[in-house]
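Engineer: To start, I am sharing the structure in question, which I have written as structure tokens.
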Amino acid sequence: MDRPDASDFTPGQRFTTEKAPALPNSDFEDRKSGVVYDRLPSGGRYSQTEVAIYNWQNRESFSQQVPQKWANTNAKTFSTRASNHNTWYMQPSVFTVSDEVKSGEFAVCLRSVGFDLSGEDIPDYAQTGRPYLQYSPVVPHVACRAAGKLFLGEYSFSAFSMEESYKDVVDWKSRPRSLNGFYKYVPSPDSPSDTGVAIIEIYGDVGGELQVIASARTYLPIANSYTAFTAPLSYTRFGIKASGMRLMFASSASIGTIAEESASVFVSADPVKGASLGSTLWIDNISLAY
């Protein structure tokens, strides 16, 4: 081997331990139809003057879009099966925006909201004197609250049983080191310590059973401009290939069942908008590092 030539070597071989796939539509530029509703009643009826003629009714139209290849909770918070169609009882919790972006043309906004599928009738409001209000200040009881959630997978909601179903573990064959991205966050005035949250879990086949082999949960505190975040994954099991992943963002750290979120998610009544609104999270340009 003092003077090796090409015949002394075997052909080079390439091999890959794992691929490094990117997240689908990670910049949220690809969109599909979201909440669409023309002239939804916003708040109750009210009089134009002190005369008890209740002929004014504010309305709000929605023509929103949501990110393709991502699931969201709008089917619950903006259910058209609600018995009383009104902005107090129907609010979108996830939608894309073009005015609050890190880069590109679109980002996604997640918002904590109040909703109610059996909302009570809203009493008419009689003006009491000048200056006359351009809205009804009557705030009805809103039974439920929810954090806005965006995640990979599928979501369904039954208005009849008030049950929701998450299929939020998707096929994934790689083991990333971290989840990264950019966010902005404004907590609810009634809960200034609230945070957004990013959750990632990697699953593997352990003895024929799907189990978490790595996970990270990062809380996203108040940020008035886009701020970088990272969620480093800690692998507790070694030598196990990945077979699934769960990835979710939420506008509040107090996530859980419908009953749990109704008890713990904070929203504030806004009579001008005719809605109960809470913490708001914007996210953009998310990625996985390997």
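Engineer: What is the number of the single condition among (1) of a type in the set (S, T, N, Q); (2) assigned to a loop (DSSP other than H, G, I, E, B); (3) within 25 Å of Asn84 (Cα to Cα) that Ser279 does not meet?
Structural biologist: With respect to (1) of a type in the set (S, T, N, Q); (2) assigned to a loop (DSSP other than H, G, I, E, B); (3) within 25 Å of Asn84 (Cα to Cα), Ser279 is out only on (2).
Engineer: Only residues that are buried (at least 19 other Cβ atoms within 10 Å of the Cβ) and within 15 Å of the chain's Cα centre (by Cα): list them for the stretch 28-42, please.
Structural biologist: Hits for the stretch 28-42 are Phe28, Val35.
Engineer: I'd like the residue in the stretch 101-116 that is under 23 Å from Phe266 (Cα atoms) and either of a type in the set (Val, Ile, Thr) or surrounded by fewer than 18 Cβ atoms within 10 Å (Cβ to Cβ) (or both) and, out of all such residues, is farthest from the chain's Cα centre (by Cα).
Structural biologist: Among residues in the stretch 101-116 that are under 23 Å from Phe266 (Cα atoms) and either of a type in the set (Val, Ile, Thr) or surrounded by fewer than 18 Cβ atoms within 10 Å (Cβ to Cβ) (or both), the one farthest from the chain's Cα centre (by Cα) is Val113.
Engineer: Another question, if that's okay. In the stretch 124-136, what residues are touching a residue at least 12 places away in the same chain (Cβ under 8 Å) and surrounded by fewer than 13 Cβ atoms within 10 Å (Cβ to Cβ)?
Structural biologist: Listed by number, the residues that qualify are Thr128, Gly129, Gln134.
Engineer: Condition first: loosely packed, with under 12 Cβ neighbours inside 10 Å and under 30 Å from Asp270 (Cβ atoms). Now tell me which residues in the stretch 188-212 satisfy that.
Structural biologist: Hits for the stretch 188-212 are Pro192, Ser193.
Engineer: Okay, moving on. I'd like the residue in the stretch 35-77 that is among the hydroxyl-bearing types (Ser, Thr, Tyr) and in contact with a Ser or Thr (Cβ under 6 Å, 6 or more places away or on another chain) and, out of all such residues, is farthest from Glu164 (Cα to Cα).
Structural biologist: Per the criteria, the residue is Tyr54.
The rows are residues; the columns are (1) among the polar types (S, T, N, Q); (2) surrounded by 12 or more Cβ atoms within 10 Å (Cβ to Cβ); (3) more than 30 Å from Phe249 (Cα to Cα); (4) touching a strand residue (DSSP E or B) at 6+ places or on another chain (Cβ under 9 Å).
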{"residue": "Ala6", "(1), (2), (3), (4)": "no, no, yes, no"}
{"residue": "Ala22", "(1), (2), (3), (4)": "no, no, no, yes"}
{"residue": "Asn25", "(1), (2), (3), (4)": "yes, yes, no, yes"}
{"residue": "Val51", "(1), (2), (3), (4)": "no, no, yes, no"}
{"residue": "Glu60", "(1), (2), (3), (4)": "no, yes, no, yes"}
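Engineer: Another question, if that's okay. List, please: which pairs have Cβ atoms under 8 Å, are six or more places apart or on different chains, and start with a residue in the stretch 98-121 that is free of Cβ contacts under 8 Å to residues at least 24 places away in the same chain and end with one that is part of a loop (DSSP other than H, G, I, E, B)?
Structural biologist: Final answer for the pair search is Ser98/Glu105; Ser98/Phe106.
Engineer: State all residues of the stretch 21-63 that are part of a loop (DSSP other than H, G, I, E, B) and under 30 Å from Tyr226 (Cα atoms); if no residue qualifies, say none.
Structural biologist: Pro21, Ala22, Leu23, Pro24, Asn25, Ser26, Asp27, Phe28, Glu29, Asp30
Engineer: Among the residues of the stretch 207-253, write down those that are in contact with a strand residue (DSSP E or B) (Cβ under 6 Å, 6 or more places away or on another chain), small (Gly, Ala, Ser) and more than 25 Å from Pro21 (Cβ to Cβ).
Structural biologist: Ala223, Ser251, Ser252, Ala253
Engineer: Now for a different question. Those residues that are over 20 Å from Ser158 (Cβ atoms) and modelled with pLDDT of 95 or more, I need them from the stretch 67-99; list them, please.
Structural biologist: If the condition is that a residue be over 20 Å from Ser158 (Cβ atoms) and modelled with pLDDT of 95 or more, then Pro67, Gln68, Lys69, Trp70, Asn86, Thr87, Trp88, Phe95, Thr96, Val97, Ser98 are the ones that fit.
The values are calculated or read from the model by the stated rules, or taken from the named source; none is laboratory data. Model, not experiment: these values are computed from the prediction. With ideal geometry, Cβ positions are generated from the backbone for all residues, glycine too; neighbour counts draw on all protein chains shown.
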